[in-house]
Amino acid sequence: MWNEEHEGGDQTVQLYRVPEAMRLLSLSRSVIYELIRSGRLRSVTQGRPGLIPAAAIAEYVALLVRQADDGAA
């Protein structure tokens, strides 16, 4: 995980590698990459592997909740 240190030694994860995003979202590698390709999950590039911002994961989860709410209405 890519961490940013804050005062007091606390660490907040800012960027996740694909395997970490897979665990957080309970999705397969191929699904994660398809979400990135389709633009539903944002990623940034630092070197070869894509990194997924923590905010992008939160936005994707919020999108899923909105879609579920819309489907239930």
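Sort out which residues of the range 38-59 are within 13 Å of VAL18 (Cα to Cα) and not β-branched (Val, Ile, Thr), and write them in order of number. Reasoning before the result, please.
Taking the range 38-59 and keeping what is within 13 Å of VAL18 (Cα to Cα), we get 41-46, 48-54, 56-57.
Of everything in the range 38-59, those that are within 13 Å of VAL18 (Cα to Cα) and not β-branched (Val, Ile, Thr) turn out to be LEU41, ARG42, SER43, GLN46, ARG48, PRO49, GLY50, LEU51, PRO53, ALA54, ALA56.
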- For residues that are open to solvent by less than 50 Å² (accessible area, probe 1.4 Å), assigned to a helix (DSSP H, G or I) and in contact (Cβ under 8 Å) with a residue 24 or more places away in the chain, tally how many sit in the range 21-55. 4
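Being open to solvent by 50 Å² or more (accessible area, probe 1.4 Å) and touching a Lys or Arg at 6+ places or on another chain (Cβ under 8 Å) is the filter here; which residues of the range 56-73 pass it? Full working, then the answer.
Within the range 56-73, the subset open to solvent by 50 Å² or more (accessible area, probe 1.4 Å) is 58-59, 61, 64-73.
If the condition is that a residue be open to solvent by 50 Å² or more (accessible area, probe 1.4 Å) and touching a Lys or Arg at 6+ places or on another chain (Cβ under 8 Å), then GLU59 is the only one that fits.
Restricting the range 22-61 to residues that are at negative phi and hydroxyl-bearing (Ser, Thr, Tyr), which is modelled with the lowest pLDDT?
Residues of the range 22-61 that are at negative phi, as a first pass: 22-25, 27-38, 40-46, 48-61.
With the extra rule that they be hydroxyl-bearing (Ser, Thr, Tyr), the set shrinks to 28, 30, 33, 38, 43, 45, 60.
On the way: SER28: 98, SER30: 97, TYR33: 95, SER38: 95, SER43: 95, THR45: 86, TYR60: 97.
Among residues in the range 22-61 that are at negative phi and hydroxyl-bearing (Ser, Thr, Tyr), the one modelled with the lowest pLDDT is THR45.
The values are calculated or read from the model by the stated rules, or taken from the named source; none is laboratory data. These numbers were taken from a predicted model, which means no experiment stands behind them. Every residue, glycine among them, receives a Cβ derived from its backbone with ideal geometry; neighbour counts consider all protein chains shown. The area values use the complete protein model at the heavy-atom level, side chains included, leaving out ligands, DNA and RNA. Shrake-Rupley method; radii C 1.70, N 1.55, O 1.52, S 1.80 Å.
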